[in-house]
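Readers should treat all values here as calculations from the given coordinates under stated rules, not as data from a laboratory. None of the values given here were measured: they were computed from a predicted structure. Using ideal geometry, Cβ is built from the backbone for each residue, glycine included, and neighbour counts are taken over all protein chains shown.
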Amino acid sequence: MGSALAQGGSGVPTVGHSAPVLRANMLKNGGIHGNLCCIKGSFMARIKQRGIRLPVGLYRTDSMMGAMMTYDLRPATHDWNDARLLVHSDATWDMDDLVWWRPSSTFIYWSRRLRQARGDLEMEAFKDFFSLHKSAPELLPATSHAMVMDWIQRCPELAQPLLRGHPLRLWALRRLKQELPPTPQDLLPTLMWSSGG
């Protein structure tokens, strides 16, 4: 059953060792995982009208879009509401399982783990941005790098426990510190697809 509040919807994962736990959590608590999702046209129009852009280099695009929907783009005046993001139990996707004996699977697995470690840092940074500071999404930093580094410098008491004893997150932070800032040209929006209309 739909919700008049819903600004979008998400499918659920069914493949992978963590899929059952993720699926159960999403069906109980809401959320968005992966890129099998839909966003209401009127919500997209509001994003465009307000000039909201995701930080360049962001890995957790799904989670950030989910946060924007559940706050209805207004964290300063609207509480988090799971009814703004529907989760459909029958909408899912399929992919090949990774197998330990295939070199390509090992590469994909570790690349994914390293991206997820960076994503852990991003998640905490934008939780701070939306949930604690109640900042408007159009005020998001231009890059993921700026967003994470700002959070780490302002909130070392929260960042340190997240990093302590987690070598992949420490590695992700080192890589993040070494990133060169994008050029102004890199920050310009690019049309990726058009219906021709």
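Numbers at a glance
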read-out: Check on ARG84, at negative phi, in contact (Cβ under 8 Å) with a residue 60 or more places away in the chain, surrounded by fewer than 16 Cβ atoms within 10 Å (Cβ to Cβ) and touching a helix residue (DSSP H, G or I) at 6+ places or on another chain (Cβ under 8 Å); value: no
read-out: Answer residue from segment 51-65, given it is hydrophobic (A, V, I, L, M, F, W, C) and touching a residue at least 60 places away in the same chain (Cβ under 8 Å) and is farthest from ASP94 (Cα to Cα) among those; value: ILE52
read-out: Filtered residues of segment 15-50 (kept if closer than 12 Å to SER89 by Cβ, in contact (Cβ under 8 Å) with a residue 60 or more places away in the chain and surrounded by fewer than 15 Cβ atoms within 10 Å (Cβ to Cβ)); value: LEU27
read-out: Enumerated strands (runs of 3 or more DSSP E) restricted to segment 1-103, each holding at least 3 residues that are charged (D, E, K, R) and either touching an Asp or Glu at 6+ places or on another chain (Cβ under 8 Å) or under 17 Å from LYS127 (Cα atoms) (or both); value: none
read-out: Subset of segment 104-143 [of a type in the set (Gly, Ala, Ser), assigned to a helix (DSSP H, G or I) and either in contact (Cβ under 8 Å) with a residue 12 or more places away in the chain or in contact with a His (Cβ under 9 Å, 6 or more places away or on another chain) (or both)]; value: ALA117, GLY119, ALA125, SER131
